[in-house]
4 protein chains.
Amino acid sequence: MKLRVRSELVYRFDPPTDAIFQIHAAHWPAQKVLEETVALTPATPFRLDAAAGFGTRPLQVRLSGEVTVRYEALVDNGELVDLSPRAVQHDWIDLPVDVLTYLWPSRYCPSDQFGRFVERGFGALRGGARVLAIVAWLAANVDYRFGVSDSETTAARTFIDRAGVCRDFTHLGITLCRAAGIPARAVSAYAYQLTPPDFHAVFEVWLSDRWWLIDPTGLAPISGLVRIASGHDAADIAFLSTQGSCDMVRQAITVEAA
Amino acid sequence: MKLRVRSELVYRFDPPTDAIFQIHAAHWPAQKVLEETVALTPATPFRLDAAAGFGTRPLQVRLSGEVTVRYEALVDNGELVDLSPRAVQHDWIDLPVDVLTYLWPSRYCPSDQFGRFVERGFGALRGGARVLAIVAWLAANVDYRFGVSDSETTAARTFIDRAGVCRDFTHLGITLCRAAGIPARAVSAYAYQLTPPDFHAVFEVWLSDRWWLIDPTGLAPISGLVRIASGHDAADIAFLSTQGSCDMVRQAITVEAA
Amino acid sequence: MKLRVRSELVYRFDPPTDAIFQIHAAHWPAQKVLEETVALTPATPFRLDAAAGFGTRPLQVRLSGEVTVRYEALVDNGELVDLSPRAVQHDWIDLPVDVLTYLWPSRYCPSDQFGRFVERGFGALRGGARVLAIVAWLAANVDYRFGVSDSETTAARTFIDRAGVCRDFTHLGITLCRAAGIPARAVSAYAYQLTPPDFHAVFEVWLSDRWWLIDPTGLAPISGLVRIASGHDAADIAFLSTQGSCDMVRQAITVEAA
Amino acid sequence: MKLRVRSELVYRFDPPTDAIFQIHAAHWPAQKVLEETVALTPATPFRLDAAAGFGTRPLQVRLSGEVTVRYEALVDNGELVDLSPRAVQHDWIDLPVDVLTYLWPSRYCPSDQFGRFVERGFGALRGGARVLAIVAWLAANVDYRFGVSDSETTAARTFIDRAGVCRDFTHLGITLCRAAGIPARAVSAYAYQLTPPDFHAVFEVWLSDRWWLIDPTGLAPISGLVRIASGHDAADIAFLSTQGSCDMVRQAITVEAA
């Protein structure tokens, strides 16, 4: 699917601070970036490399005062498909070495604490069927609601709160999959038909020798996702990380079929 | 320095379980593995690749019953040097893209919570001098003691407990460095002259365009470390991770000058 | 029911330390202590008063070296009955002022975090029926198992772990009841027919103008409980609290019908 | 000191909810309530008893829609004095039985985790001198700042954050005192000369056979405090607790010398 994505981020950095934006469409085998522009106002030198292995392209920069970052791209995201219930869960011996790190707990995904819950609730299933059962459990037991979680909320807390936003659904989904021995990681994305438009957080699992994208909120079709960053959890894929605080002035995201 | 390292791990896996051992000396530019053998008894097929970029070589295997894993290697670890107080802290724009992930909080290192403490205590310093001040603070404020922490202990808890083992010192050191905007990651190692002999956990920081190893416990000389695995924290570098539980029968590590 | 209860606690206190034992049968309207002896070996002066309002009788003492505390009592615990599903939940305006504190979260019972879960799962019920549904949920979703929890385990963690011992069941039961607006508190007890014999932790809820005892583990009949202490949670009702650490040498509890 | 205190709380309760206000000056031996009025608009029946032993007078009520609660009182708070460094710390055997509960950890004051820190930092002192050293440590190491903490912040987190408001200072002060074996509890108060005027949270410790009030923020003189409620921590002394949420419309507090 061809999509035109735009983000305009206006933030105030005072005092000057180091910042990393992750807003560029990823370089990813199935996803082609056909056109792309990025502009900082006022003009500021930045660095833009692609992270080895998974194509995330963080924009590294040092900013001062009020800054506008505009990114626009035309992207062909390939033919994204929904997870098959028949996707096969691998023994660990069959996992590529660079996938192993996504088996372990991370800042917001303490999967080491959920082994018993996962075994009890989903132990009779394996692979795609197990992941789909986990996603169905999330849909039935967690409410999509603003104002319950914040930037420190872990999956353990969302499991108690039973409410959160896309980031929280993603963290809990990842946590339960890892607890089941399935590699899972967070993905940030531009999402077609997401209302209201915003950066979206989804996750992906490694089954049948490939990554499969999943939107545990069910708010956006998989086929309309433009991948930005992937990593262990929100700590790795934030669209903006800074050393010290900054203030949002305004922010706008648009995603259109092209 | 040339070192001969041996580890013998005897564990019981019942029922059969997926396991990952990280006990092989890393492939790392300054470290040469001159000879190496690994043997599983009973003989069991395994997989051994090197993780892209940082040379960790996890042994992936599925095990059943009582299993002995023996690893022995002759390693030249190069000329490891202690962190210089003049090592320079980089603006984020000057960090290699693959180093960025070590700025963010991880499972055991919630560096997002320590910004104020680090600014208050170490804000007047930068770079190597700041890291050395952090290490000195650890030595003055945290006791090396068994029995206080366990496999779930985070750096936040160690900051309160004021006691722990090498893993806890490492987690708190990493946490404080990341909170100061310095990339930091965990490293497991064979350690010459460590008493009692065991796998050791240390950390390394990225300053002056390279990684510098630090032993926050001060128990082993840097020059005698043989690097095994590196990663965000103990979740990434465990010498043994399993899906489900297993029981240790016995374990022995030796490190000798060769 | 008339019961003869005995506890023999042998602990080592080194260096000398302040200690509080809560092993005396409570003075409680429906419970009569018919005979009672307590002996410390070596003989040590102690203090024994009854706490206002709920009859807990902590034994306050300063101990040194190895000490044996023997308590024996003949108690008529009255006619304890199981919670009725028709017991009425009160509006807060109808609660006695001294009961109010058992509405609030405590060290091991963070009920402030469980409002949404309780509303979602038990919102259609009130009073005794609601509490019984909570207890049934515990029975269906939490395993009685040693070794999962420790002295720091909160109800939030047990909710994730899905396993624990009597203390953990009690904490989670209290937490869910308080989250539902029902006063609930922890009670320690000698328990007839508990296997293996030990101090038992149960809880009680305030409905229909009285406290109702509940054993969320289902391990001991309510009619055979001899009340010792009551309080917010395990922090209040521990059979032994010390300033500093101490070591158990041995401990034995017996409860017999008399 | 004679003080005239007023509070006007306007809140919206929708749907109808159970509520408890703790805004009445306490009945406390040294504090005399000379005049007092309370009014709810619209008029609503309420219950007002004094809690046994420590004179807190919660107002129990069920409210619906927008409600104004006005409380006004003329109070002689006696002659409150600052903690003496010579106040004596008691062995536990010398503590009144009803004071014991303030030795234990509570929701926001996990004192069980701070034994090592307190021993290391304040182990050479006892009694009033130890408490004053703890308060001095708070002043030197914690910033008074809005926006860092929220209603769930524990003393463990404030110890890491190194910032908070009166409630957080109070929780950390209580925590460190309890970890040192000194009974400590939270007290809410009207505070003369507090800027901006608001409900204030302070704490008190039991030394030399009496409670001593302490304002760890140093923002208000002890002599100008009008005691409202006391309890384990903020969970017990909140000026407003509800079953379900409510919205503040406005709130005003005034305290004047009379």
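Quick notes on this structure:
- Counting only DSSP beta bridges with both residues in segment C:110-246, the antiparallel share comes to about 90 percent.
- Inter-centroid distance (Cα atoms) of segment A:195-258 relative to segment D:83-132, Å: 49 Å
- Sorted from nearest, the other copies put their B:Gln193 label points 6.0, 6.6, 6.6 nm away, the label point being 7 Å from Cα in the direction of Cβ.
- The convex hull defined by the C-alpha atoms of the protein assembly as shown has an orientation-averaged projected area of 41.8 nm².
- Given in Å, the Rg to one decimal and the Dmax to the nearest whole number for the Cα atoms of segment A:16-101 are 17.6, 52.
- Principal-axis tilt of helix A:166-179 within chain A, Cα atoms, nearest 10 degrees: 40 degrees
- Hydrodynamic radius of chain A by the Kirkwood approach over all distinct alpha-carbon pairs: 18.7 Å.
- Crossing angle, helix A:127-141 versus chain A [Cα axis fit, 0-90 degrees, rounded to tens]: 70 degrees
- Lysine pair count for the protein assembly as shown with Cα-Cα distance under 16 Å and sequence separation of 8 or more or different chains is 4.
- Peptide A:88-98 has a mean of 6 when you count, residue by residue, the C-beta atoms of other protein chains within 10 Å of its C-beta.
- Residue mean of other protein chain beta carbons inside 10 Å, D:40-52: 2
- Estimated 222 nm signal from helices in the protein assembly as shown, with DSSP H stretches of n ≥ 4 weighted -39500 (n - 2.57), rounded to 500: -5500 deg cm²/dmol
- Shape of segment A:88-132, Cα gyration tensor, a/c cut at 1.5: oblate
- Number of partner chain Cβ atoms within 10 Å, mean per residue of A:230-236: 5
- With the convex hull constructed from alpha-carbon coordinates only, segment A:32-73 shows a mean projected area of 3.4 nm² over all directions.
- q = 0.20, 0.22, 0.30, 0.33 Å⁻¹, segment A:65-111: log10 I(q)/I(0) [Debye, one scatterer per Cα]: -0.95, -0.98, -1.09, -1.15
- Rg [Å, one decimal], Dmax [Å, integer] - segment D:195-258, C-alpha atoms: 14.1, 44
- For D:Met248, the label point sits 7 Å beyond Cα toward Cβ; its separations from the matching points on the remaining copies run 2.3, 4.6, 5.1 nm, from shortest to longest.
- For segment D:127-221, the normalised intensity computed at q = 0.10, 0.11, 0.21 Å⁻¹ comes to -0.23, -0.28, -1.04 (log10 of I(q)/I(0), Debye sum over alpha carbons, equal scatterers, no solvent).
- Working note: Cα atoms of segment C:1-63, range along each principal axis, descending, whole Å: 40, 25, 14.
- Teacher prompt: D:Asp143 distances to equivalent labels in other copies, 7 Å Cα→Cβ, nm: 3.2, 3.6, 4.8
- The equivalent ellipsoid of segment A:40-143 has semi-axes of 37, 18, 17 Å, largest first, where each one is the square root of 5 times an eigenvalue of the Cα gyration tensor.
- Chain A versus the axis that turns it onto chain D: the residue with the nearest Cβ and the distance in whole Å amount to A:Asp150, 4.
- With θ taken as phi - 60° and the Karplus curve 6.51 cos²θ - 1.76 cosθ + 1.60 applied, the whole-hertz 3J(HN,Hα) list for segment D:107-123 is 3, 9, 10, x, 5, 4, 8, 10, x, 5, 5, 5, 5, 5, x, 10, x Hz, x standing for glycine and proline.
Rule-based calculations on the coordinates, nothing more; no lab input. All figures in this text were calculated on a predicted structure; none of them were measured in a lab. Ideal geometry is used to build each Cβ from the backbone, glycine not excepted, and the neighbour counts take in all protein chains shown.
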